[in-house]
Every structure is written in C-alpha cells, then in structure tokens.
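Below is one structure, written out as structure tokens; comments come after it.
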Amino acid sequence: MSLLFDILSSVGMWEAVLRIATPLIFGTLGVLLCERVGVLNLGIEGIMTFGAMVGWLTVYSGGNLWLGLLAAAAGGALFGLLHGVLTALLGLSQHVTGLGITLFASSFSYFVFRLAVPTASSPPTVEPFRAYPVPVLSEIPFLGPVLFNQTAPTYLALGLVAVLAYVLYRTPLGLAIRMTGENPHAVDAQGIDPIRLRIGTIMAGSALMGVGGAFLTLAAFNSFFPTMVQGRGWICVALVVFALWQPGRALLGALLFAFFDAFQLRLQTVVDGVPYQLFLMLPYVLSIVALIVMARRARVPQALMQPYRRGER
Amino acid sequence: MTRVLELEHITKRFGTVTANEDVSLHLEQGEIVALLGENGAGKTTLMSILFGHYTADVGTVRVNGAELPPGKSRAAIRAGVGMVHQHFALAPNLSVLENVMTGTEPLWKLRSDRAAGRAKLLELSQRFGLAVDPEARIADLSVGECQRVEILKALYNDAEVLILDEPTAVLTAQEAESLFATLREMAAKGLSLIFISHKLHEVMSASDRVVVLRAGKVVAERATKATSKEELAELMVGRAVKRPERPPARPGAVLLEAVDVTLGGKGGASLLGISFKLHAGETLGIIGVSGNGQTTLAGLVSGLYPPDGGALLVKGQTPARHDVPHAIAAGIGRIPEDRNVEGTIGDMSTWENAVLERIWSPEFSSRGVVKRAASKAATEAILRDYDVRGATVDGRIRLLSGGNMQKLILGRVLTAGPDILVAAQPSRGLDEGAIAGVHERLLDARGRGAGVLLISEDLDEVIALSDRIRAIVGGRLSPAIPAERANAQLLGLMMAGDWSAAEQIEAEAPPHEI
Amino acid sequence: MRFERREHPSTTLNLLAPLGAVLAALIVAGLLIAIAGANVFEAYGLILKGAFGSRLGFSETLTRATPLILTGLAAAVAFRARLWNIGAEGQFYVGALAVAAFGMIPAVAGLPAPLAIVLCLGVGAVAGMILLLLPLGLRLKFGVDEVVTSLLLNFIAVLFVSMMIEGAMKDPLAFGWPQSVPVPDNAVLPKLMARTRLHAGLLIALAMAVAVWWLQARTVFGMRARAAGLSPRAAAFAGVPLGRTLVAVACLSGGLAGLAGAIEVMGVKGYVTTDLSPSYGYSGIVIAMLANLNPIGVIGAALFSAVMFVGADSMSRALGIPSYIADVTVALSLLTMLVALFLTQYRISR
Amino acid sequence: APVKVAGIHASPVENAWNSVLHAAMVAADAEGAIEYSFSEGVSGTDYPRAMREYAEAGNVLIVGESYAVEREARTVAADYPDTAFLMGSSGEASGDNFGVYGTWNWEAAYLGGMLAGAMTKTGTVGSVGAIPIPEVNMLINGFAAGVKAVNPEAKHLVSFIGTFFDPPKAREAGLAQIDSGADILFGERIGTADAAQERGIKAIGSLIDYTPRYPKTVFANALWSFRPLLNAALADAASGNPVGKNYTPLSLMKDGGSDISYVEAEVPAEAVAKMLEVRAAIMAGEFEVPRNFDEPA
Ligand SMILES: Nc1ncnc2c1ncn2[C@@H]1O[C@H](COP(=O)(O)OP(=O)(O)OP(=O)(O)O)[C@@H](O)[C@H]1O
Ligand SMILES: Nc1ncnc2c1ncn2[C@@H]1O[C@H](COP(=O)(O)OP(=O)(O)OP(=O)(O)O)[C@@H](O)[C@H]1O
Ligand SMILES: [Mg+2]
Ligand SMILES: [Mg+2]
C-alpha cells in the first residue's frame, strides 16, 4: 500500500504522465479532427513515424527545433493530403487507405532516414527541447514541477486542446467541420464544398499527428530510429472513441492512458513475480473497458466512414 | 410583375439518359409554380441545376436577370435561391440553430455569432409562423418539424426564391395543409416559390401555375385555374389515368386476429392493447397521424417483433415462432413502409432482392445452396408480369425508380400468393400512374380472397381501397367504420382521438362481425 | 470534377488499370531507387529475378503469399458483411499459439500425421474465432465499435503470446530465447519443394479461397451475410437473423486468420515467436480490398503483394540500397492499385 | 580480392549490439579486407530467405544472429555447405559451416557494478534490460553481483522493456527507477542513459562506448568487440578450416573481446583501484565472475 502511495506521490511519476501523454494528445486531436469531418485516419501510425523522422532530420541538418516541428507538421499535412484525396475525393475505403498510408509512410521514412544517415553506430542525436520551467508557476509545490516544468511542445499540446475546442464549438469553420462529419449533403446544400473541407481538415489533423511524432524525436528522445512510434498511433484511434469525439475528453483520455503507462513502469520496478506483459497489457485492456463504459453514450459522427461523392445517389 | 427566375434551354444528360432536354421555365415574383411529372421525369435534376448542385450540359439560369455561374451552390444561395431537398439535408446530432447557421458566416471568422443567429432565426420563425426551438437536437424532431427547419434554413439565407422538392412526401395531411398555408402566406409577402409534388390536389389548391415535365421535356404549362386534376394526370403520364374502382367485398373467414396486443415500440410508438380481426377478401384500412404506432403495428404483423403481451393469431393459431420466415411461411405478404431502407438492398441485384425473403424455401434453395437458375427465372417472371421497367435480373436495384421498385416488391410478395397482405404506405412518393398500378394489384389480391391490412396516411387511398377503416391513435385502435360512411371530417375526428361518432356507427351498423 | 459510376466496366480497362498501377508504383519507386544511387532498370530486372528468377525466389514468393491469402480472405469475408475486423493480426498470433499449445499435449505427438495436422489446423482456427467473437460480442451487446476493439486486441494478443512463450509455453531447449515449444513433427506440414520453405499450406490456402468463394457466391449463408452487411434493416425485414449471421461471419473470418497463423507455424517456422508475422494481418486487409472482396481475387492480390515484396527485398540486397525499399514498393503499389480499381469503376466527368 | 561478407541484422544497425557487428565489418570493408553488404530490420520470417539469398549471391561468410531462428538457420546452413555462417546464437555450432558466438561481456558488467556499488549514495541502483534472455540476464546479473561485491546492502532494481529497441521506453523505465531511488543506472539498453542525463545522475553503458554521447553521465562502459570474432572466422574460412565451432571465448576479457572503460575523473580512486585489482585477476584467470543466466529478480 505504501508502495502505491510512494509511486503516486512522486513528482516524477506525474511529470512522466504529462510527458508520455504529449504525443498522444497531438495524435488524438489529429484523429479527432479527421473523424469529426467524417474520415477515419488509420494512417496515423505512419504519419507519426514520418513526422518523427522529418522533424528530427530537419534539426539534424541544422534547422532549429521549431522549424523541426513545422517540418513535421508539413510532412503530416502532405500525407493528410494524400489520405484526403483518396478518401474524400475518390471515396475509397478509409480503412484500407489508412493502412496503406501507414505502410507507405513508415517504410518511406525508414528509407529516407537510411539514405540521409547511411551508417551510424548509435543513433545520431540532436539537442532536444529541454524542460522549460514557467517562471513563478513552476515553484508551486508538487503541481509546479508537474505542470510547469515541461518542454515547450507539451505546453503547445495543452494549449491546442483549448484552441481546438474553441474552433470546433465557437467558430463557423468548426461548425462546418462538425456538420460535414454528420451529413456532408447538408454542408453541400449550404454552399460549402464538403470534399474540400474534408481534405483541408484531414490535412490539419494529419499535421497534428506529424507534430506528435516529432515530439518523440525532438523532446521525448533525441534521435530517430525505425519502429519508434510503437503503436502509439493506434492508441490515439482508440482514445478518440473514448473521448466521445470531444477535445477536452481527448486530453483526459490521453492523460489516463499515460497514467497507466507511467504507473506500470514504476509498478514493475517494485512488484515481483508478475509477468511484465501483464503490465504492458494494462493500458490496452483498460482502453477496451473504457470503451464499453462509454459506448452507450457515444455519439459517433453519423457520416464517419461514409464516402461522399457529389451527384451520386 | 418582375421575373425573378429564368431557366433557359436546359439540357442535362447522365450517360445515356437524358434527364432534361431543352427545358425552359420562369417564375414571377410572388408566384407559386408547381412542377409536376412522373417518377424520373427530371424534376429533381432540373432543380439541382438551378441550385448549382449539378451543372447543365446546355442552358443558362438567371436570377433577377443576372446569370448564375454553373455548378456553384454558393452563388445560387447568394443570389437568393433556397432549396428544400427531397431528402432532408440535416445533421441529426446537431441543434436546429447549428443546422441553420452552417455556412452562413464567413468560414474564417474567428467567432460565430450565435446570439445574432438565434435572434434572426426566431424572428423568421415568428414572421412565417414556423415554430421551432433553436436548441432542439434534430434527432428529437418529427418529420414535420424537420421540414420546417429546412424551410427556415433557406429563409435564413435570405432566399427570395424557394424551391421545395416533394415537401409533403413524408408529411401528414394536416402537416401538408399547414405547410401550404405557410407557403401561400410567404408568396403574399413577396417570396416566389416552386414546389414539386405528385399529389394533384395539392397542386390544384396551392399553385398559381403548373409546369408538367415528361421524360425530361416540358410538355405543358397551365394556369392552375384553367386546368383540372384529370387533365394534369393525363398530361403527366401521357394517357388518361384512372384509379381502379373497388368492387363490393365478399368477406370470408378470419385470417388474422390481434387480441389485446401490447408491444413496446422499437424506436417508434408503442402499441397499448390493440385488437382487430382481418377477414379473407376484405381490406382493413388503418389511418393515423404518423408516430402513433403504424410502424410498430406493421412490424408486428410482418414478423419483425413478437408481441410483449396478448396474442397475434394467424388463421386462428399462434405461429410456432414469431419471426419473419414463419410469418411468410404462414402466408403473410409484406409491403414495407420504406422501400429504400427496408424493402430493398440497393447494392444487391434485382434477383437477390426478389428472392431474399424467401431464400429458405425449397423453391429457391436446397441444403443451404441457392438455386440460382430458379431464382433468376422467378425474377424474370416478376419483371414481366408486374411490368417492372428499367430493371435487369442481374442489375443493381438502386437504379430503379421508386415506382418500379414498388412494382418489384409487389411482385415478389404477390407471386407467393399470400393469404394476408400487410401494405404499409404502399404508394408513398409514387406518381399517379404508378399509384393506379399499385391499387390495382391490392384490389386483385383482395379479389382472390386475401385479407389486406392497409396502413396509410393518405386518406384518399384508404377510402378508395378499404372496406372497413380504423384509426390508430397513441398506440390504440379506434372502432371500425365501413368505408361507405367515411368522410374527411369523420376520419379527422377519429385520427384526433375522438371516437364517439365512430362508436355510434359501429354500434348501429356493425360491418359484419368485428 | 465529378465521378460517375460505370455500370458496365469494360474488360480492357479492367486489364489495363492494374498494369497502369504497377507501372505508376514502379516509376515512383524507381525515383527513390535512383536517389539511392542505383540503376533503376537494373533494379526492375532484379525485382523480377528476385521474385521469379530462381527456384529460391519462386518458392519464397509462394511461401509468402500463403498466409496473405488466408488473412486476405479473413478480411474479405468480414468486410463483406461490414464487420470491420482489423484484428486479423491478433487472430493470426493466437491461432499460431493455440497450435503450439495443443502440440504440448503428450498424446498429440502419437497421432498419425494427417489426423494431427487436421486437428492442429482446427485448433488454430477456433482460437482465431474466439478472438474475433470477443469484439463482435461487445458490439452486439454494448454497441462498442469493433474497429477499435479488434485493433486493440492485436496488441493484447501479441503481449499474451509474449507472456506465454516466456512463461508456460517457453521452449526449455531454446536457450532461453522467448519462443514456444515447437509443434510436434507429425503436425509439420509437408514441403512442396525440397530445399525450400514452400509447404502444403499453399494448397490449403488455395482450397480455402475456392471454398469461401463458393460459400459467398452460392449459398444462402453467403447471400444473407452480404445482405446483413449492405443494409441491416432491409436484411432484418427480409428475415435475415442479423446476430446469428454476424456470429457466423466472425467465426469464418477469425477462423481464417487463426488458420493463417496455424499454417505459418506448422509450415514455415515450427514454433511461435512474437515476430512470426510481418504484419500479415494488416496486409490482409489491404489485399482484400485490392481484390474487391472477391475470394478468388484475393489469391491474385496476395501473389501480387508477395511478388512485390520478395522481388524488391532481393533487389535491395543485390544493389545494396536500404532494404526498406521493399515495403515502400509494396505500399506504393497497393495505393496505386486502389486508385486504378477506382478508375475501372468510375469515370471522371465535369 | 576482398572476400564477400554479408551481414544480416534483425534490428536496425543503430541497435547497439548490431552496431558493434556493423562497425567492425564497415571498418574491415574500409581496410579492403572484405566486401561488405548488409540487410537490416530483417524479421524472423524473412531471415532465412536473406541467408539463402546471400549464400546464392556468392558470399563467403554470412554474419548475423540466429537467436530467433535457431532451427531454420541451421537448416539453411546445411543447404549451403560451401558458405560459412557466423551467427550470434545461444546454441551450439552445427556442421562444418555454422559457427556461433555469444556476447559475453558480463565480466565487464561486473566491474562496472563494482564502481556503481562504491559510488551509489542512495544505496539503490537500477538496470534496464530488453527481454530476459540468457545473455541479457547474464549481463544484468553480472552487474548486480559486482554491486553486491562491494556494497552488500545495496538495492538493485530491474526493469525489462519487452523489446530490443525502443530507446524512449528504456528512458521512461530509467526515469521510473530514478523515482524509486536509484542514483546509478546500468543501461543494458540504449535510452537508459538519457534518463540519467536528464536527472543529472550517473549511468553505465553496455556493448559500445556511450561516454561521448552522454559526457558527464556515462562514466563507465562494459565494452564488447566483434573484430576478433570476425577475424578468426575469416581466417578459418580462408584457410579452409571448418567454421562450425563456438567462437564465444573470443568475447572474454582475457582474449580481448570485452573490457571495461571508465572516466578516470569521475570515479573515486579507491573504487577504481579495487576494480582494477579484480580486472587483473580475471585477466590472469585467477578470478571467475559468476555466470548466471537466470532471470534477475
Ligand atoms: N445522379 C444521377 N446519375 C445518373 N443519372 C441520374 C442521376 N440523377 C438523375 N438521373 C437520371 O435523370 C432522370 C431524372 O431524374 P430525377 O431525379 O430528376 O427525376 P424526378 O423527376 O425528380 O423523379 P421523382 O419524381 O421520382 O423524384 C432519371 O431518369 C435518371 O435516369
Ligand atoms: N445513380 C443513378 N444512375 C442512373 N439513374 C439513376 C441513378 N440514381 C437514380 N436514378 C434514376 O433516377 C430516377 C429517379 O430516382 P429517384 O431515386 O428520385 O426515384 P423516386 O421515384 O423519386 O423514388 P422516391 O420514391 O424515393 O422519390 C429513377 O428513374 C432512377 O432510375
Ligand atoms: Mg425527385
Ligand atoms: Mg420521388
């Protein structure tokens, strides 16, 4: 019991929660945007990989860190454009296109990385984002170091939650996005082209995914290597359902998931005789449990996965 | 008079089909024009071109003298054209206000002005008598209310020309009545309207002028005062149409009997203890305002849901199992309320749609293997015998028009020779010619001794086809009255839940045993 | 720009479009190869040579196509009924694991080989079924979206496999490396070609494709499953028992994916590890779509994907360019093929 | 002419273990001793094919790791008797052409443990490992034994990240151990030292020299070298001797296959002295570091 207390009362644990959550927040917001406009984006795993690679490569070849994030966003948006053209314009199956993009984006990233960094004994590094203690606030006991001693992209992620919620619920653009996810015919009838809106929104969402990936190479770690995204993208897809497609809950979901991840890592160091795989399973199992609890309340965007082709009945 | 709208020489082809051919049409300010035509005549296509949803191959659209750029809905909206689509274009999970406001502000505006939007919406709703709650979720509204939202949406965009594509197809008579009252009021306030309808009485009562489209071409234009239902029907179909007469009934044994059935509505209204009997060789009409249990009643008899309480006896017996195959095997034929959603599977072939509900019968399968040749032959026969046009045995059924789809459904049901026929809204959305055909088939079935349970919101249809009529109100059935005694006023009372007159009629002249 | 559906796609187009797709993919891949500093045309030649040019290449292509056919079928069957099974990867693993576990029963090793093989295949299939019935159950009972649950179960399944092969099922003779005890010799699938990895699983996969085609195209079950997928309400109105049909579809789909795992472990590897599948489950989904969900088409799509991978992989070794080019080429050709298929079904108009 | 040598890496060549092989072969290639080509990130399913393809392409020696494919790798070797194989393996050599080697730098880990045990202030140290396979276990156990040898009271935390290459995960595991009180980390896996660096504590690396990458953080490394193994196998292949033997002894400290490196300035002198004493004893064959393949508790 006191062990649990030790873990839960340590600043490091809670700091880790926020850090582990950051890429998930970016990714989840990205998926959320795509799904709000009616498109499932299983390309996330690959897009995050590409973001991680491009962001890192930019910094490695001399760009500054923010330029790296920007490059990751642009790279993500590019794959978003591809996904958008295939799913929103051509109306191809969203599952398959997404998986195809994941396959393509990840192997393409590895290929480019290998060309750019032909051979290295240990992964080459860049100087990553360092924790930036917010003046004054970071001195609050406990909460200070947890919340206000993070890297800049973490603050960005938290800020984005609010921005996205505002955009979705308070601006005409957000309304049009939500409407498109519910009924693209309706936006079309109001004179907005749902296909262009979809493509644009998917690009924005994918840009966020790219930034989420870049967090891994520019803040959480300082080098790129193949397979580093390790299923984080898929988790984001689950988190969006858990979040009932709402940005605020997406934050909550990402934090919860990160909490279990940070917790299991620490539990492992103190609990013996339990296969470590059980700990690793914990977040996935809990996600499924959460989905069951949430299912009844979920209001799935009605046009999710429904292709819209103008003039087709 | 000022000419607000002018369509000139519009031609539109889809592949080999010519949907519109050299169509010209105009609209004066404050005028109501009815656009009439058979299913597939090209009405929706024409309006979609006007609204910039489709681009015409040839021809121009002018609003207030200025030519609209083709294919831009936005431009049409700016020019003051509003359209209420045949199928609602609403988002069920969003509020009324959100549905109305979408696309009305510049997309990149930093803040949506909801307060101003709400004020404008409420003002419009008051001015035109279209009451709505701006915060209500669309999913919680009735079809009539959705219709209102659709119109408000157009008005919110400052529409001066309003186009309504089959606005009454899903409305009850009362709702349609009040809609047209509103439309006339709007016209009086200077709005100009075009509406599409298959219902001639609506056209006659609400329009100033009628334009008739046949096979994509304008075949006639009449001032409403100078024409008649009969003439319009003939212009539309190209020949004189007459609905068939109902010969006297020769009722036989009781085929179907509901004894105090209760059934919790599956997404619709519940049934709260209904009882009725259906005899061989008669038609029992069930009228009512939608949402009072019609769908649940049809589902009950169709075998979709078993009763929660009470019993449903088929030929005096409770079926071994209450499910669809047993219902069909027991001789129940089912014409569903919504042919697109329940009646057919758009992306399956015609033959699959024709045999799916009886695929278990030895006629169409043995040991789990489909008898394809036999199934296709049977479908071929239906296409021939029921004059289903535009269909091929292997083609996707989605391509059929509503009327032809309905003929196929009638065919698959009637070739099985059912003793009991449940027909829910059998002629909804069909044109005059198609309706006449459906009615004929229903009367034929009755004539050869089947009992027909006709559930319909179309009073004319119920009066024309039924021997006895009941109303369904809040999940309960009214007493039955003989069709001869029915008139609009009496039926209106019955549907409103005032059954005193009906009880009296039933008491003084029991139409054979009830 | 607008797309109009072609009601009668032309045969020439049906033949030309896939060719165009491969061409497009090869051009893009060629660009990358050129950037990597290799001769593009030499590379193309080497892809062909790698996939068909030798006994080794030929047998390897077929060996790789085998599990892909099965996972492709698993996805095709499910997607036809709009059961979004993204969990073939997990089902593949539990199928494989179940075979290894079954093989640990002492009595199994004493069975005659044909019986042992049939039993093992059955056990693998059943394990796959169970893993898909779980998300289906959640959907039917609680309305939980199976895309997400079946996806999450992939991770749980692989971790479970990892736990078993480091725990109860760990091979004591494997020098501590986490792998399961090997399947008994009598359950190993016979080889089709000596000194290659090609095994009888290919024949099973081909037979399954034909069987699934027959089931879908000719039987009442197939018709009902498709109806249930295309329009649940209309299917229910026509008396299709939706729940039961979906359960049967899930059994078939999960069973095929489980079978893929069983066959891979019985034919190629002999024991279970956590890298038994290079994403066969996920690739199956793409393959099913390339085949337009047609079971016979799945064979072609799986072969295509295998040729691309084995050929490009071999080419990368021969030219010394990063081996990731193989996955890039496969992914590219899958994407271009999707577009090509679209163009056979739609025409572009104003 | 240089002999053709192929490397088949199951992980990307950045993975420390593979990088040791890779670097040795790249260097040999640069010297003109061999003509090196390689594949990386080769999954277990593709591994036997890669072996066969390289064999058919006329490589004289194929270097790699058969841990995950022990059986099949031997089958392949039997099918290509004219090609020599040198595989990282926990098993025995097989036939004339299938040689094996192990990564036995556990003695160096023991020495590192001695330093850590002397230096810890909290009395808690930690190890982050991949998967509890014998060679990883041996290393971590070696480290733990070294710690205990000088500091019997010390607490030793162990985490496995469940995979061979996921630096951020190793980093998180390291941070978790620091939160549990560890002030020196033994990074069997890359990423561990990142945690130490971030929290300003010390770390020990394994296989390669991490000190340049983490100056001020990594003060010692349990090094391993592949060149002796490669040279021996090449020599055998060239002279026609069978390669089918166990080359592991060349990994031992006394044969120059492994060693400890440390940063003089960062380690207390008396700790170094004690450690060097033991090192000398190992070199002289007077002391044997216990070899324990069991999963560390
Ligand atoms: N999207 C489309 N693609 C191809 N053909 C179409 C399309 N829309 C309409 N058509 C063709 O245009 C013709 C006219 O269709 P339209 O929908 O305008 O008829 P309508 O008069 O509105 O019929 P209804 O009264 O049944 O609604 C149809 O016969 C059809 O062949
Ligand atoms: N994609 C399409 N391609 C070709 N023709 C089409 C297409 N979609 C519809 N049609 C044709 O359009 C015409 C009208 O179709 P519509 O769906 O409007 O039928 P409807 O009679 O209006 O039915 P409803 O009762 O639903 O109003 C039909 O003749 C049909 O064949
Ligand atoms: Mg129409
Ligand atoms: Mg219509």
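The values are calculated or read from the model by the stated rules, or taken from the named source; none is laboratory data. What you see is a predicted model, and the numbers here were worked out from it, not measured in a lab. Note that each Cβ is placed from the backbone with ideal geometry, even for glycine, and that neighbours are counted across all protein chains shown. Each accessible area value is taken on the protein alone, full model and side chains, heavy atoms only, with ligands, DNA and RNA left out. Shrake-Rupley method; radii C 1.70, N 1.55, O 1.52, S 1.80 Å.
Some observations on this one:
- Considering residues of the stretch B:46-85 that are within 27 Å of B:Lys225 (Cα to Cα) and within 16 Å of ligand 3 (Cβ to nearest atom) only, the residue farthest from the chain's Cα centre (by Cα): B:Leu50
- Filter result for the condition that a residue is within 16 Å of ligand 3 (Cβ to nearest atom), more than 22 Å from B:Glu357 (Cα to Cα) and away from chain C (no Cβ under 14 Å), over B:Leu430, B:Leu443: B:Leu430
- Restricting attention to the stretch B:7-22, the residues that are open to solvent by less than 50 Å² (accessible area, probe 1.4 Å) and away from ligand 2 (no atom under 16 Å from the Cβ) add up to 3.
- Selection within the stretch B:329-347 - part of a loop (DSSP other than H, G, I, E, B), hydrophobic (A, V, I, L, M, F, W, C) and open to solvent by 10 Å² or more (accessible area, probe 1.4 Å): B:Ala330
- Within the stretch D:69-96, if we keep just the residues that are in contact with an Asp or Glu (Cβ under 8 Å, 6 or more places away or on another chain) and buried (at least 24 other Cβ atoms within 10 Å of the Cβ), the residue that is nearest to D:Ala237 (Cα to Cα) turns out to be D:Ala84.
- Under the condition of being open to solvent by less than 10 Å² (accessible area, probe 1.4 Å) and more than 6 Å from ligand 1 (Cβ to nearest atom), the residues counted in the stretch B:37-47 number 2.
- Check on A:Trp234, modelled with pLDDT under 95, touching a Lys or Arg at 6+ places or on another chain (Cβ under 7 Å) and more than 13 Å from chain D (Cβ to nearest Cβ): no
- Count of residues meeting criterion [within 16 Å of ligand 1 (Cβ to nearest atom) and out of contact with any Ser or Thr (no Cβ under 6 Å at 6 or more places or on another chain)] in the stretch B:62-73: 1
- Here the condition is being touching a Gly at 6+ places or on another chain (Cβ under 9 Å), among the β-branched types (Val, Ile, Thr) and open to solvent by 60 Å² or more (accessible area, probe 1.4 Å); of C:Val126, C:Val183, C:Val94, C:Val158, it holds for C:Val126 alone.
- Considering the stretch A:128-151, the residues that are free of Cβ contacts under 8 Å to residues at least 24 places away in the same chain and not in a loop (DSSP other than H, G, I, E, B) include one that is farthest from the chain's Cα centre (by Cα), namely A:Glu139.
- Restricting attention to the stretch B:381-400, the residues that are part of a helix (DSSP H, G or I) and more than 16 Å from ligand 1 (Cβ to nearest atom) total 5.
- Residues (away from ligand 1 (no atom under 16 Å from the Cβ), closer than 23 Å to B:Glu175 by Cβ and surrounded by fewer than 21 Cβ atoms within 10 Å (Cβ to Cβ)) located in the stretch B:419-460: B:Asp458, B:Leu459, B:Asp460
- Only helices (runs of 4 or more DSSP H) whose full extent lies in the stretch C:1-119 are considered here, and the ones with at least 1 residues that are among the basic types (Lys, Arg) and at pLDDT 90 or above are C:40-52, C:55-80.
- Filtering the stretch A:209-225 for residues that are within 14 Å of chain C (Cβ to nearest Cβ) and among the hydroxyl-bearing types (Ser, Thr, Tyr) leaves an empty set.
Here's the yes/no breakdown for (1) at the interface with another protein chain (Cβ under 7 Å from one of its Cβ atoms); (2) crowded, with 18+ Cβ neighbours inside 10 Å; (3) within 25 Å of C:Ala75 (Cβ to Cβ):
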{"position": "A:Gly100", "(1), (2), (3)": "yes, yes, yes"}
{"position": "A:Ala105", "(1), (2), (3)": "no, yes, yes"}
{"position": "A:Leu115", "(1), (2), (3)": "yes, no, no"}
{"position": "A:Pro118", "(1), (2), (3)": "no, no, no"}
{"position": "A:Pro124", "(1), (2), (3)": "no, no, no"}
{"position": "A:Glu127", "(1), (2), (3)": "no, no, no"}
{"position": "A:Tyr132", "(1), (2), (3)": "no, no, no"}
{"position": "A:Ser138", "(1), (2), (3)": "no, no, no"}
{"position": "A:Pro141", "(1), (2), (3)": "no, no, no"}
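- Of residues in the stretch B:157-170 being surrounded by 22 or more Cβ atoms within 10 Å (Cβ to Cβ) and away from ligand 1 (no atom under 16 Å from the Cβ), the one modelled with the lowest pLDDT: B:Ala159
- Just one of the listed residues (B:Ala34, B:Ala76) is more than 22 Å from B:Asn404 (Cβ to Cβ), in contact with a Ser or Thr (Cβ under 8 Å, 6 or more places away or on another chain), more than 16 Å from ligand 2 (Cβ to nearest atom) and open to solvent by less than 10 Å² (accessible area, probe 1.4 Å), and it is B:Ala34.
- Here B:Val422 passes the criteria (1) β-branched (Val, Ile, Thr); (2) modelled with pLDDT under 95; (3) not in a helix (DSSP H, G or I) except the one numbered (2).
- Residue in the stretch D:111-122 that is among the small types (Gly, Ala, Ser), within 22 Å of D:Leu234 (Cα to Cα) and open to solvent by less than 10 Å² (accessible area, probe 1.4 Å) present: no
- Here B:Gly117 fulfils each of the conditions (1) at pLDDT 90 or above; (2) out of contact with any Ser or Thr (no Cβ under 8 Å at 6 or more places or on another chain); (3) away from ligand 2 (no atom under 16 Å from the Cβ); (4) not in a loop (DSSP other than H, G, I, E, B) apart from (2).
- For the stretch D:175-191, the set of residues classified as without any contact (Cβ under 8 Å) to a residue 24 or more places away in the chain and open to solvent by 10 Å² or more (accessible area, probe 1.4 Å) consists of D:Asp179 only.
- Some residue of the stretch B:384-402 being open to solvent by less than 20 Å² (accessible area, probe 1.4 Å), within 16 Å of ligand 4 (Cβ to nearest atom) and within 30 Å of B:Glu257 (Cβ to Cβ): no
- C:Ala200 within 14 Å of chain D (Cβ to nearest Cβ) and of a type in the set (Gly, Ala, Ser): no
- Among the residues of this structure, B:Ala159 does not count as one that is within 16 Å of ligand 3 (Cβ to nearest atom) and within 19 Å of A:Ala186 (Cβ to Cβ).
- Failed item, numbered, when B:Leu25 is tested on (1) over 26 Å from A:Leu304 (Cα atoms); (2) facing another protein chain (nearest Cβ under 9 Å); (3) within 15 Å of ligand 1 (Cβ to nearest atom): (2)
- Neighbours by Cβ (under 8 Å, 6+ apart or cross-chain): first from the stretch B:388-407, touching a residue at least 12 places away in the same chain (Cβ under 8 Å); second within 15 Å of ligand 3 (Cβ to nearest atom) and among the basic types (Lys, Arg): B:Arg398/A:Arg313; B:Gly402/B:Arg339; B:Met405/B:Arg339; B:Gln406/B:Arg339
- Whenever a residue of the stretch B:168-180 is within 16 Å of ligand 3 (Cβ to nearest atom), its partners that are open to solvent by 50 Å² or more (accessible area, probe 1.4 Å) and not in a helix (DSSP H, G or I), lying with C-beta atoms within less than 7 angstrom and at least six residues away or across chains, give the pairs B:Thr168/B:Lys199; B:Ala169/B:Arg428.
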